[in-house]
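**Student:** Quick one: this structure, given as structure tokens, is what I'll be asking you about.
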Amino acid sequence: MKISRALSLSILSLFLFVTMLFVITGNRSSLYASTDSIGHVSDDDDELDAIEEEMSIDLSDIAYGITDGIDTYSLSKIALNIERVEVFDGMTIEELAIKLNKSLKGVLANKGYLIATRCVKLGVDPYLAVAIMLHETGCNSTCSSLARNYYNVGGMKGSNGNYQRFSSIDQGILTFINNLYGNYYRYGLNTPEKMNHKYAASTAWSGRVRSYMNLIKSR
């Protein structure tokens, strides 16, 4: 029993050795025979080297070929497959939000994107909207108690003649912009001068709002 086992192990070892030797010596030609994209098998080492060199890809050459003569900005647009979309005054929505934020303080701080998106959607001039907010709230310096406690950013009153109160600053801002569109823009009142007689009793209102508009644009 022990002899038979030893003999079996010897035969198995010899078989494994022969198999490994065959794989090692025949590995290169068999490898290229299975992967030769040209469609034939070659046993010639020089020919195989030529095929390998021909099939190799230099990624840096491809990159230079694609980007030759194209500036970085254009290349990034191609790579990301996007286009620059200007929504107002030559700016994207993100750029507009950043610009508006430069004039927003207190409870209005960092609300530029909210204002920009709503204004653009309704076709309301965001400079005008922010200018009225700054004038009505005093948030160019210190926000009024109406803005801080009622979140009323436009001096808006209800049907009972009392100032409206909102649950959040976002709600107050959106309601204000909606009001500009529904009660002014829809009727062609789209500048401080055209809005003055309806929005405020003081004839100086439009001039002050216009000054804020110029300030916002300059920042």
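Read the figures in this text as sums done on the coordinates, not as results from a lab. Just so it is clear, the structure is predicted and the values come from calculations on it, not from any experiment. Ideal geometry is used to build each Cβ from the backbone, glycine not excepted, and the neighbour counts take in all protein chains shown.
**Student:** Enumerate the residues in the stretch 160-199 having an amide nitrogen under 11 Å from the point lying 7 Å beyond the Cα of Lys121 toward its Cβ.
**Tutor:** Under cut-off, by backbone N: 174-175, 178.
**Student:** Let me ask another. Once fully extended, how much extra length lies between Lys217 and Lys102, figured as 0.36 nm per residue of separation less the alpha-carbon to alpha-carbon distance?
**Tutor:** 40.4 nm
**Student:** For the stretch 93-218, give the magnitude of the charge dipole about the Cα centre (Cβ charges: +1 Lys/Arg, -1 Asp/Glu; no others), in debye to the nearest 20.
**Tutor:** Roughly 120 debye for the stretch 93-218.
**Student:** Thr142 versus Lys157, label points 7 Å from Cα toward the beta carbon: distance in nm?
**Tutor:** My value for the distance between the label points is 2.6 nm.
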